[in-house]
Amino acid sequence: MMTPLAAPEPATLAQILPDGSLPGGSGAGRLGFELAAVPYTAAWTWAGPDAGWDALVGALPGGDLVQSTRWAASRVRLGFRAWRLVVAGPDGQMVGGCMVYATRLLPGCWIASVPRGPLVFGGGAGTAAVVRGLRLMARRLGIRLLAVQPPEGAAAVERALAEEGFRPGGPAIAPEATIRLAVRRTDAELLAGMSRRRRQNIRKGLLAGFEVREEGDPETFHRLHRATAARQGFSPVSLANLEAQHAMLAPVGGCAALVARYRGVPVAGRWLTRFGGTVTSKLAGWDARLPVPAHANEAVQWAALLWARREGAETYDFGGFDRTAGEALLGRQEPPDGFPDSPNRFKTGFGGTLVLLPRARFCLPDPLLDGAFGGLAARLLASAPARRVSQWLRNG
């Protein structure tokens, strides 16, 4: 069972990043700054696994797996640099922080991202201080481009980013919409919230003889995921990415692969993560070439809902949802062409609540460069090549 960790109180800077953990160099550092005549300190170090930080993030409204140290460790295995930034007030009390992920795009050109961050403990002036500290850190480290996608429900963070000069636009570094379903219900209640067609297909899938179970071999799921990518024309997440997630998350119950087999042959699967009371369907896989009965996807999705409930989760998150389609559905308008046959339409049949999430903002941390080239960067980041680069970075 997934047992929620007790959330610690926001720590002091000395507890989170004691002086001994700051040996200097690019791996760690600190700087002081003032905001509205109040002194603050921003400090950062390489992000190593820290259960206390992860519990604190998981207890926050909008706290997400990508802001955990375990997720950061999985990204480091893929060659990314990952820092944990904390910002503290004059009394040393931590007011906020975040995980910052960076990679070298070109020689001498490092870009960084903060998905679902920065996080603020409390509010007030601390929000602006955390955003200011983030930008100053990026500038000190020589980051040329910094992209931020705020946490859900963090309107104050979005305002502070805008006031700090972060521009809207650029490729998403995290989903911009999703569907969430409360799973602490009976089977009958879950089925009642679905479309009639989805209920029928689940029952057909259960009668077809699929065996769905949790499997510990990322390569089995990856073969199914690659088949889906080839059929739908997108770039698959790398096997190295899945292996890194499995190595860092599976030991603490943070990820699992559910695979549906027919007569022993893997035919469909779901890659799941769990954090802070939520199980998220990160990836899907289905080999449509195999001569097996229909509705394997419904069978494995139903098994995923039941698995989330068994593991003690409150919520099942269906993963990314097309933002344009989500806006249209919430506005009771016609969704885009192709929606009826899309994975997004498949997700809506299970019920749940459609949620729009904050969109990305970016800045060039150096004020002189941002003033001279920020507008050009906005146009470049809106291009198809930039979106492909963003997807490549997310896929590992």
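Checked against the criteria, Ala244 does not count as at pLDDT 95 or above, within 26 Å of Ser342 (Cα to Cα) and of a type in the set (A, V, I, L, M, F, W, C).
Would you confirm, using the coordinates I've provided, whether Arg309 is in contact (Cβ under 8 Å) with a residue 40 or more places away in the chain, more than 26 Å from Ala147 (Cα to Cα) and surrounded by fewer than 20 Cβ atoms within 10 Å (Cβ to Cβ)? In short, yes. Quick one: would you say Ile173 is touching a residue at least 60 places away in the same chain (Cβ under 8 Å), part of a strand (DSSP E or B) and within 30 Å of Phe350 (Cβ to Cβ)? Considered against the rule, which asks whether it is touching a residue at least 60 places away in the same chain (Cβ under 8 Å), part of a strand (DSSP E or B) and within 30 Å of Phe350 (Cβ to Cβ), Ile173 comes out as no. Please verify whether Asp370 is under 18 Å from the mean Cα position of the chain (by Cα), of a type in the set (D, E, K, R) and buried (at least 16 other Cβ atoms within 10 Å of the Cβ), treating the condition exactly as stated. Spelling it out, it is not the case that Asp370 is under 18 Å from the mean Cα position of the chain (by Cα), of a type in the set (D, E, K, R) and buried (at least 16 other Cβ atoms within 10 Å of the Cβ).
When Ser235 is tested against the conditions (1) of a type in the set (Ser, Thr, Tyr); (2) at pLDDT below 95; (3) under 17 Å from the mean Cα position of the chain (by Cα), the lone failure is (3). The sole residue among Ala88, Ala138, Ala129 that is more than 17 Å from Pro39 (Cα to Cα) and either buried (at least 21 other Cβ atoms within 10 Å of the Cβ) or modelled with pLDDT of 95 or more (or both) is Ala138. Return yes or no: is Ala288 of a type in the set (A, V, I, L, M, F, W, C), crowded, with 16+ Cβ neighbours inside 10 Å and not assigned by TED's automatic domain parsing to the domain that holds Leu161? Answer is no for this residue.
The values are calculated or read from the model by the stated rules, or taken from the named source; none is laboratory data. Quick caveat, the model's predicted, so the values are computed rather than measured. When we count neighbours, we look across all protein chains shown, and the Cβ atoms used for this are built from the backbone with ideal geometry, even at glycine.
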